[in-house]
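The values are calculated or read from the model by the stated rules, or taken from the named source; none is laboratory data. Everything numeric in this text was worked out from a predicted model, so none of it was measured. Positions of Cβ are backbone-derived with ideal geometry, glycine not excepted, and every protein chain shown enters the neighbour counts.
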Amino acid sequence: MTEVRLIGPDGGNVGVVPIRQALQIARDAEMDLVEVSPGATPPVCRVMDFGKFIYEKTKKEREAKKAQTKIEIKEIRLRPKTNEAHRGFKVDDARRWLGQGHKVRVTVKFRGREMDYPEIALEDLKEIAQDLSDIATIEVPPQMEGRTMLVVLVPAKGAAKKKEKTDQAEVKNEAEA
């Protein structure tokens, strides 16, 4: 490996040159000689400011990370013996979270002999999914995982937009009144 294909500091192709000449070109330009493609024949090297390259790369990664939307999964936990009123409070919380765009996992935890009657929990989960059907869709249908039965609900695609439109309409109506 005595020769490399060199890409100059301006991004133009210099051609195949000896390594010593490539290093001298990099020194004259006060930049670094970076091996870009070691598997090629001959290897490809580039004259660039490596510190600036690393800085810009990390900056782009930070910007990409900011642009990502993080979907949070909220959870409501119930038992087969949970009464209607308490379940109503939990469903209201789930409705609020779905309106904010979060996923909601509804789990029913079994203890002792409650495992003998999974149909009770299945019925509860179906009722909750039915109550939230106007703003949510079922992503994961009811299933057993050990001593728990769960269902995952996601916001319906049109529900969040409908809610925003109704909120805007209410504000407009209040302004007119």
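Here are the numbers:
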read-out: Every pair of residues 6+ apart whose Cβ atoms lie under 8 Å, when the first sits in the stretch 33-53 and is farther than 9 Å from Val4 by Cβ while the second is surrounded by 11 or more Cβ atoms within 10 Å (Cβ to Cβ) and among the small types (Gly, Ala, Ser); value: Val47/Gly8; Val47/Ala22; Val47/Ala26; Val47/Ala29
read-out: Matching residues, the stretch 143-156, being closer than 15 Å to Met115 by Cα and in a strand (DSSP E or B); value: Gln143, Met144, Glu145, Thr148, Met149, Leu150
read-out: Residues satisfying the stated conditions in the stretch 106-135, i.e. hydroxyl-bearing (Ser, Thr, Tyr) and more than 13 Å from Met149 (Cβ to Cβ); value: Ser133
read-out: From Glu119, Glu56, Glu114, residue being at pLDDT below 90, assigned to a helix (DSSP H, G or I) and surrounded by fewer than 12 Cβ atoms within 10 Å (Cβ to Cβ); value: Glu119
read-out: Search result, residues across the stretch 15-27 that are under 17 Å from Pro38 (Cα atoms), under 44 Å from the mean Cα position of the chain (by Cα) and surrounded by 12 or more Cβ atoms within 10 Å (Cβ to Cβ); value: Ala22, Leu23
read-out: Test: residue in the stretch 159-167 that is closer than 21 Å to Ala94 by Cα, out of contact with any Lys or Arg (no Cβ under 8 Å at 6 or more places or on another chain), at pLDDT 85 or above and buried (at least 16 other Cβ atoms within 10 Å of the Cβ); value: no
read-out: Contacts under 9 angstrom Cβ, first residue in the stretch 129-141 being assigned by TED's automatic domain parsing to the domain that holds Leu78, partner of a type outside the set (Asp, Glu) and in a loop (DSSP other than H, G, I, E, B), 6 or more apart; value: Ser133/Ala156; Asp134/Ala156; Ile135/Ala156; Ala136/Ala156; Thr137/Ala156
read-out: Within the stretch 5-30, tally of residues that are in contact with a Leu (Cβ under 7 Å, 6 or more places away or on another chain) and outside any helix (DSSP H, G or I); value: 3
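Every residue, every condition in (1) at pLDDT 90 or above; (2) within 30 Å of Asp134 (Cα to Cα); (3) not assigned by TED's automatic domain parsing to the domain that holds Ala121, yes or no:
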{"residue": "Pro9", "(1), (2), (3)": "no, no, yes"}
{"residue": "Val16", "(1), (2), (3)": "yes, no, yes"}
{"residue": "Ile19", "(1), (2), (3)": "yes, no, yes"}
{"residue": "Gln24", "(1), (2), (3)": "yes, no, yes"}
{"residue": "Arg27", "(1), (2), (3)": "yes, no, yes"}
{"residue": "Asp32", "(1), (2), (3)": "yes, no, yes"}
{"residue": "Val44", "(1), (2), (3)": "yes, no, yes"}
{"residue": "Arg62", "(1), (2), (3)": "yes, no, yes"}
{"residue": "Thr82", "(1), (2), (3)": "no, yes, no"}
